[in-house]
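**Student:** Supplied in structure tokens, the structure appears directly below.
The values are calculated or read from the model by the stated rules, or taken from the named source; none is laboratory data. Bear in mind the structure is a predicted one, so any value in this text is a computation, not a measurement. Glycine gets a Cβ as well: all are built from the backbone with ideal geometry, and neighbour counts include every protein chain shown. For accessibility, only protein heavy atoms count, side chains too; no ligands or nucleic acids. Shrake-Rupley method; radii C 1.70, N 1.55, O 1.52, S 1.80 Å.
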Amino acid sequence: MASRTRDASAKDNAAQKLLRVLEAVSNTGHAHRLSDLVKETGLAKTSVFRLLSELIDSGYVSRRDDGTYAPGRALRLLALKLTAAHTDTDLVGERLRRLQTDVHSTIHFALRTGDTATYVEKIEDTAQPIQIASRVGGQIPLHSTAIGKAVLAHLSESEVRAYAARTGLPTRTEYTITDVGSLLTDGALVRNRGFSIDDQENEEHIRCMAVPVFDMQQNLIGGIGITTIAPLVPREKLESYAPLLMTAARDVMTLL
């Protein structure tokens, strides 16, 4: 019993420390340097740095070029969702539901979180005979998914090569891109036509199309995708949805 109490206390303390750092980063009025956050939280410098690293990996904090820290994409979206719930108007979700109605397919919105993307919205196509095995909070690789490839296409070549070196571009299916040269070529194609395609590259029988999403400051934050069952939706039909998807993404950007 005493051991369980100590474990619970340790978890509470860890959670409290994480929240203190998150609250400090969210304070307005000045740039947040590591030394400022140490002073504001009263925590050890090593603890603050470790917690910041975890929050950056999950997308809740971003590190600027000048070394200061700011609320990240996931935190901004969470704030938006909370505000929407307060006003009974979930504007992002409403726009994605309109897209789902237009294309009769499952819609995902994911934010880039380090070397993965994390689903923050899923609008299921309940009329589909086979349900998509994804969930809000689930993480997906970048090199083998449509949303991920839309993100990679808008990173610099050095960033894509660094991603490939870190992850090794693991094989997901026989169609997965597993070499950096092909990934860079695919990225050029994505930028040229405006959307990415995952043609059974992450999961067999699943075909997706996605476009990148930027915030109002033109920071790349993630992507919106349409997910279909490959045997039921030909690639040509999926690609015909591109104008609807691009319009929806532009609308969502104005809400972020």
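**Student:** When the range 119-138 is examined, which residues are found to be open to solvent by less than 30 Å² (accessible area, probe 1.4 Å), under 14 Å from the mean Cα position of the chain (by Cα) and closer than 19 Å to Leu245 by Cα?
**Tutor:** Val120, Glu121 - these are the residues of the range 119-138 that are open to solvent by less than 30 Å² (accessible area, probe 1.4 Å), under 14 Å from the mean Cα position of the chain (by Cα) and closer than 19 Å to Leu245 by Cα.
**Student:** Taking Arg207 as the residue in question, decide whether it is in a helix (DSSP H, G or I) and under 18 Å from Ala110 (Cβ atoms).
**Tutor:** No.
**Student:** Right, here's the next one. For residues that are at pLDDT 95 or above and open to solvent by 60 Å² or more (accessible area, probe 1.4 Å), tally how many sit in the range 166-192.
**Tutor:** Final tally of qualifying residues: 11.
**Student:** Quick check on the range 4-32: of everything there that is open to solvent by 70 Å² or more (accessible area, probe 1.4 Å) and farther than 21 Å from Ser58 by Cβ, which residue is modelled with the highest pLDDT?
**Tutor:** Thr28
**Student:** A further question on this structure: Would the range 183-197 turn up any residue that is more than 17 Å from Asp115 (Cα to Cα) and in a strand (DSSP E or B)?
**Tutor:** There is at least one residue in the range 183-197 that is more than 17 Å from Asp115 (Cα to Cα) and in a strand (DSSP E or B).
**Student:** Could I ask something else about it? Look through Glu204, Glu174 and report the one residue that is closer than 30 Å to Asp102 by Cβ and out of contact with any Cys (no Cβ under 8 Å at 6 or more places or on another chain).
**Tutor:** The conditions single out Glu204.
**Student:** Let me ask something additional. Look through the range 227-256, keep the residues that are under 13 Å from Met209 (Cβ atoms) and hydroxyl-bearing (Ser, Thr, Tyr), and return whichever of them is surrounded by the most Cβ atoms within 10 Å (Cβ to Cβ).
**Tutor:** Looking at the filtered set, the residue picked out is Thr227.
**Student:** For the range 179-202, name all the residues that are touching a residue at least 24 places away in the same chain (Cβ under 8 Å) and of a type in the set (Ser, Thr, Tyr).
**Tutor:** Selection gives Ser196 alone.
**Student:** What is the residue count in the range 217-231 for residues that are in contact with a helix residue (DSSP H, G or I) (Cβ under 7 Å, 6 or more places away or on another chain) and more than 18 Å from Leu152 (Cα to Cα)?
**Tutor:** Filtering the range 217-231 down to residues in contact with a helix residue (DSSP H, G or I) (Cβ under 7 Å, 6 or more places away or on another chain) leaves 220-226, 228.
Then keep just the ones that are more than 18 Å from Leu152 (Cα to Cα); that gives 228.
Count: 1.
**Student:** Working only within the range 136-159, note down all residues that are among the charged types (D, E, K, R) and closer than 20 Å to Thr173 by Cβ.
**Tutor:** Within the range 136-159, just Lys149 meets the criteria.
**Student:** Any chance the range 139-149 includes a residue that's outside any loop (DSSP other than H, G, I, E, B), among the charged types (D, E, K, R) and open to solvent by less than 10 Å² (accessible area, probe 1.4 Å)?
**Tutor:** yes
**Student:** Could you tell me which of the residues Leu55, Leu51, Leu78 is among the hydrophobic types (A, V, I, L, M, F, W, C), at pLDDT 85 or above and under 18 Å from the mean Cα position of the chain (by Cα)?
**Tutor:** Of the residues listed, the single one that is among the hydrophobic types (A, V, I, L, M, F, W, C), at pLDDT 85 or above and under 18 Å from the mean Cα position of the chain (by Cα) is Leu55.
**Student:** Give the residue that is surrounded by the most Cβ atoms within 10 Å (Cβ to Cβ), with candidates limited to residues of the range 39-61 that are of a type outside the set (A, V, I, L, M) and touching a residue at least 40 places away in the same chain (Cβ under 8 Å). Spell out the reasoning first.
**Tutor:** Within the range 39-61, the first condition is being of a type outside the set (A, V, I, L, M), and the residues that meet it are 39-42, 45-47, 49-50, 53-54, 57-60.
From what is left, the residues that are touching a residue at least 40 places away in the same chain (Cβ under 8 Å) are 57-59.
On the way: Asp57: 14, Ser58: 17, Gly59: 24.
Residue satisfying both the conditions and the ranking: Gly59.
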